[in-house]
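Below: the structure, in structure tokens.
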Amino acid sequence: METITLGQNGPAVTPLCIGTWAWGDKLFWNYGDRYGPEQLQEAFTAALEAGVTFFDTAEVYGTGKSEKFLGQFLQQTQQPVQIATKFGPLPWRFTAQSISDALTNSLKRLQLERIALYQVHWPFAFFLSQKTLMNALADEVKRGRIAAVGVSNYSAEQMRDVHQILATRGVPLAVNQVRYSLLSRQVESQGIITTARDLGVTILAYSPLAQGLLTGKYSIDGAQTPSGARKIDSRFKKQGLQKIAPVISLLRNFGEKYDRTPAQVALNWLIAQGNVIPIAGVKTAEQVGQNAGALGWRLSDDEIGELEQVSRPWL
């Protein structure tokens, strides 16, 4: 499988990333209800069998359980796997030592000595300055515990600022992880995508299927009803579903042409942007297989353009 280099000289990873927010999370994802450790183990194994070896987690996912699951599963394979996790700049973390301690704890849960990508989960850092934060991460790169440094949810200006701080230490900013899909293209109009290209920063796209809206299983007259947080999301109401109908229709048309699902077409569109890696969240092996179907083929330039046009209301 082809690989993508994170940033200018970071690790080489697969063009699709497996998201593990749901691994152990009861609050948002009802972990323990219809899926548990056995299903997660099967999902991990299915990903490796499909050639997808890049996983994204965070210390806050399942309050550490997500990292622990990955750590356990990693012990059962000899296959090289790239793990990305995230540091949460919480109010009581305002020293370089607190950053180092958080990394140590994540590495213990993951049972690793080195992480492929360590990201800052959000840009507001309370009492911790970006300079202290980025210098502490640069120190960890020098120590060899981090292969690449990334951020998440940073604006174009914030990205430029931390890129400059890291550059003074000879460390490139590798990644900005942002919400990005056909139904969430604000990162384009906000200049984040252009700035990332200018700086040589790779975009990791979370929620690439817009919480399931781009799978095509939710429709005005469909039998599928949203559950959990989706119940109160206006996008899943009648008016919201009417608005996205033209996008879903086009995804279905292209899906029929390539014998793919609407979700696989939506993921392929993101990959086709270049320098963008979708993070597809999974709970089961079946979901892994569905997402992996986005790989190994490519929409034509005309089709990419048609999807760009039909999704312009979400710029």
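The values are calculated or read from the model by the stated rules, or taken from the named source; none is laboratory data. Only a predicted model underlies this, so the values are computations on that prediction, with no experimental measurement involved. With ideal geometry, Cβ positions are generated from the backbone for all residues, glycine too; neighbour counts draw on all protein chains shown. Protein only, heavy atoms only, side chains kept; ligands, DNA and RNA dropped before computing areas. Shrake-Rupley method; radii C 1.70, N 1.55, O 1.52, S 1.80 Å.
Once C-alpha pairs closer than 8 Å and six or more residues apart are averaged by separation and normalised to the residue number of the chain, the relative contact order reads 20 percent.
Return the percentage of antiparallel bridges among DSSP beta bridges fully within the chain, rounded to the nearest 5 %. Mind dumping the intermediate values first?
Working: 3 of 32 bridges.
For the chain, the DSSP antiparallel bridge percentage is about 10.
Rolling a 1.4 angstrom probe over the protein heavy atoms with all chains in place gives the chain an accessible area of 45 Å² per residue. Helix 130-143 and the longest principal axis of the C-alpha atoms of the chain enclose an angle of approximately 80°.
Less than 5 angstrom separates the built amide H of Ile146 from those of Ile115, Val141, all sequence-distant by 5 or more or on a different chain.
Please report how far the C-alpha centroid of the stretch 276-308 lies from that of the stretch 99-155, rounded to the nearest whole angstrom. Taking the Cα centre of each part, the stretch 276-308 and the stretch 99-155 sit 29 Å apart.
Its relative contact order, with pairs defined as Cα atoms under 8 Å and 6+ residues apart, puts the stretch 257-298 at 51 percent. The convex hull around the C-alpha trace of the stretch 4-100, projected and averaged over every direction, spans 7.7 square nanometres. Per residue, the chain reaches -12500 deg cm²/dmol at 222 nm when only DSSP H runs of four or more residues are counted, each adding -39500 (n - 2.57). Calculate the tail of P(r) for the stretch 112-229: the fraction of all Cα-Cα distances greater than 26 Å, expressed in %. Looking at the stretch 112-229, the distances longer than 26 Å represent 32 percent of pairs.
Among the protein heavy atoms of the chain, carbon and sulfur supply 49% of the accessible surface, probe 1.4 Å, non-protein parts ignored.
Grab the Cα-Cα distance for Thr63 and Arg169, subtract it from 0.36 nm times how many residues apart they are, and report the gain in nm with one decimal.
Numbers: separation 106, 0.36 × 106 = 38.16 nm, distance 3.20 nm.
Gain on stretching Thr63 to Arg169: 35.0 nm.
For the peptides 277-288, 301-312, 151-162, the ranking by mean Cβ contacts within 10 Å, running from highest to lowest, is 277-288, 151-162, 301-312.
When only alpha carbons of the stretch 47-159 are considered, Rg and Dmax amount to 14.1, 44 Å.
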